[in-house]
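The structure appears right after this line, and notes come after that.
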Amino acid sequence: MKTLLQINASMQKQEAQSSKLSDAMTNALLSKFTGMRHIKRDLSKDPIPHLDQGLFQSFHDPKAAGTPAQQAGLALSDTLVSELIEADFIVLGVPMYNLMIPSTLKAWIDFVTRARQTFKYTERGPVGLLEGKKCYIAMTQGGSFLGTTNDLVTAYLKVALGLIGITDIEFIYAQGLALGPQAAEAGISEAHKKIAKISQITQAA
Ligand SMILES: Cc1cc2nc3c(=O)[nH]c(=O)nc-3n(C[C@H](O)[C@H](O)[C@H](O)COP(=O)(O)O)c2cc1C
C-alpha cells in the first residue's frame, strides 16, 4: 500500500490558500491511488518545538535524552522520520512568511534532518538516504517572486529536501494573493491549472 504524507504549514485555518491547494493536490493523488494511506500534519495545530542543544545531542545519542522534554522531542523526531521514510508521496502546503518558509516548517525540517537516518556524512559531503519519493509543494505568496533573486524559498526547499534525498519536487505556485482580487484569483487559478495538469499526467502513468 502506498503512503501519502501531507504537511500544511499555514497559521490560518479554513481560509489558508496553501492548505486548500495542498488538499486539492492530495485529493487528486488519493483518487488515483485508491486506498492509499494518508498521514496529515497541521504544523500550526500541532507545532514542533525548536531544536536546542540537549535535544540535538539526543538525536545523535538516544541515551543522552535525560529530561522528559528531550525524551518527548526524540520520540517525536523518530515518528516524523518514520512517516517520511514510509511516504511515497509528500505534499506540502507552504505560505511565504517574511521571504521564507514558516518557522513551523523549518522546525519540521530540523526534526527530520537526522544523520544516519535521513542523510549520511561522506568524504564528499552529506548524502541523502531517502529515495524514490515524489514531492509536491503548494506555495502561496502575497507578492510575485517567482524567477526573481528574491525567491529564496524555492531554492531553500530544493536544497534542504535534496540534502535528505528528496529531489523529485514539483512546485505549485499561487502568487499575487495580496495584489488585489484579480491578481489573487489569477494566482489561485494558475495553481489549480497546475494541479489539474499534474493529475492528468499522474492518471496516465
Ligand atoms: C506573517 C506574514 C508574512 C508574510 N510575508 C510575505 C512575504 O514575505 N512575501 C509575500 O509575498 N507574502 C507574504 N505574506 C503573504 C502570504 O504569503 C499570503 O497571504 C499567503 O496567502 C499566505 O498563505 P495562506 O493563505 O496559506 O495562509 C505574508 C503573510 C504573513 C501573515
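Across region 3-51, what is the total count of residues that are in a helix (DSSP H, G or I), among the charged types (D, E, K, R) and either in contact with a His (Cβ under 9 Å, 6 or more places away or on another chain) or more than 14 Å from the ligand (Cβ to nearest atom) (or both)?
1
When only residues in region 148-205 that are of a type in the set (Ser, Thr, Tyr) and assigned to a helix (DSSP H, G or I) count, which is farthest from residue 29 (Cα to Cα)?
Among those residues, the one meeting the criterion is 156.
With the condition being of a type outside the set (Gly, Ala, Ser) and out of contact with any strand residue (DSSP E or B) (no Cβ under 8 Å at 6 or more places or on another chain), I'd like the strands (runs of 3 or more DSSP E) fully within region 105-146 carrying at least 1 qualifying residues.
119-122
I'd like to know if region 149-167 contains one or more residues that are more than 22 Å from residue 4 (Cβ to Cβ) and among the aromatic types (Phe, Trp, Tyr).
Checked region 149-167: at least one residue is more than 22 Å from residue 4 (Cβ to Cβ) and among the aromatic types (Phe, Trp, Tyr).
Taking residue 131 as the residue in question, decide whether it is under 16 Å from the mean Cα position of the chain (by Cα), at pLDDT below 95 and not small (Gly, Ala, Ser).
yes
Using beta carbons and a limit of 9 Å, which pairs, at least six apart or on different chains, have the first residue in region 13-32 and at pLDDT 95 or above and the second one within 9 Å of the ligand (Cβ to nearest atom) and among the β-branched types (Val, Ile, Thr)?
Once the first residue is at pLDDT 95 or above and sits in region 13-32, its partners that are within 9 Å of the ligand (Cβ to nearest atom) and among the β-branched types (Val, Ile, Thr) give 16/140; 17/140; 18/94; 18/140; 21/140; 22/94.
Taking region 97-114 only, how many residues are more than 20 Å from residue 73 (Cβ to Cβ) and surrounded by 22 or more Cβ atoms within 10 Å (Cβ to Cβ)?
The number of residues fulfilling the criteria is 1.
With the checklist (1) part of a helix (DSSP H, G or I); (2) within 16 Å of the ligand (Cβ to nearest atom) in hand, flag the one item residue 56 doesn't pass.
All conditions pass for residue 56, except number (2).
Out of all the residues in region 73-96, which are touching a residue at least 40 places away in the same chain (Cβ under 8 Å) and either within 16 Å of the ligand (Cβ to nearest atom) or farther than 25 Å from residue 10 by Cβ (or both)?
85, 91, 92, 93, 94, 95, 96 - these are the residues of region 73-96 that are touching a residue at least 40 places away in the same chain (Cβ under 8 Å) and either within 16 Å of the ligand (Cβ to nearest atom) or farther than 25 Å from residue 10 by Cβ (or both).
Just give me the residues in region 152-169 being buried (at least 19 other Cβ atoms within 10 Å of the Cβ) and within 14 Å of the ligand (Cβ to nearest atom), in sequence order.
Matches in region 152-169: 153 only.
Look through 117, 141 and report the one residue that is crowded, with 17+ Cβ neighbours inside 10 Å, near the ligand (Cβ under 10 Å from one of its atoms), at pLDDT 95 or above and not aliphatic (A, V, I, L, M).
Just one listed residue meets the conditions, 141.
The values are calculated or read from the model by the stated rules, or taken from the named source; none is laboratory data. The structure presented is a predicted model; accordingly, all values stated were derived computationally and were not measured. Ideal geometry is used to build each Cβ from the backbone, glycine not excepted, and the neighbour counts take in all protein chains shown.
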